[in-house]
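Below you'll find the structure, written out as structure tokens, and then a few comments.
The values are calculated or read from the model by the stated rules, or taken from the named source; none is laboratory data. If you're wondering where the values come from, they're calculated on a predicted model, not measured in any experiment. Note: ideal-geometry Cβ built from the backbone for every residue, glycine included; neighbour counts use all protein chains shown.
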Amino acid sequence: MKASARNVLKGTVTGVKLGAVNAEVTLDLGGGTQFVAIVTVESVHSLGIAVGKEAIALVKAPWVMLMTEGSDIRLSARNCFKGEVTQVTDGAVNAEVIVRLANGSEIHSIITRQAVAELDLAVGVEATVVIKASHVILGVPA
């Protein structure tokens, strides 16, 4: 599969909670990393999403927030993962920052150069990746 989303995370569905309109889908990405997506109930049915099935989470890099020194902060975002910055690429206004999680997954984030400076992001720095569950698009293998 080719997609414009920089973050393509493969996992196994470990939970599906159906609501009236939306559903909460939990994926095991390996290494103890649980990833949560909020999609419509219709999407769950049309994609055949069920516990034990494989699924792919797509997250565009601009939807990924980063923070440092956040261990004492609780957020409403369902996906908060600590990792280590492995690359920072500066652009004219924005920068791409890559963070490697404990399970080996690499998460790409596009943030402003000002944010990179304010957070002191550089290779080797510990950072927390923050992804709202509603910013995840799910897919399934064909």
Those residues that are under 20 Å from Leu29 (Cβ atoms) and outside any loop (DSSP other than H, G, I, E, B), I need them from the stretch 88-104; list them, please.
Val97, Ile98, Val99, Arg100, Leu101
Which residue pairs have Cβ atoms under 7 Å apart, sit 6 or more places apart or on different chains, and have a first residue in the stretch 99-127 that is farther than 18 Å from Asn7 by Cβ and a second that is basic (Lys, Arg) and surrounded by fewer than 18 Cβ atoms within 10 Å (Cβ to Cβ)?
Glu126/Lys82
Would you pick out the residues in the stretch 23-42 that are crowded, with 18+ Cβ neighbours inside 10 Å and farther than 25 Å from Ala102 by Cβ?
Ala23, Val39
For Glu54, are the conditions met, namely being surrounded by 14 or more Cβ atoms within 10 Å (Cβ to Cβ), touching a residue at least 24 places away in the same chain (Cβ under 8 Å) and not assigned by TED's automatic domain parsing to the domain that holds Val99?
no
Taking the stated definitions as given, is Ala117 assigned to a strand (DSSP E or B), assigned by TED's automatic domain parsing to the domain that holds Met67 and either on the phi < 0 side of the Ramachandran plot or not aromatic (Phe, Trp, Tyr) (or both)?
no
Taking the stretch 4-22, which residues are more than 21 Å from Glu42 (Cα to Cα) and buried (at least 19 other Cβ atoms within 10 Å of the Cβ)?
Arg6, Asn7, Leu9
I need the strands (runs of 3 or more DSSP E) fully contained in the stretch 1-80, keeping only those with at least 1 residues that are modelled with pLDDT of 95 or more and touching a helix residue (DSSP H, G or I) at 6+ places or on another chain (Cβ under 7 Å).
7-18, 22-28, 34-40, 54-59
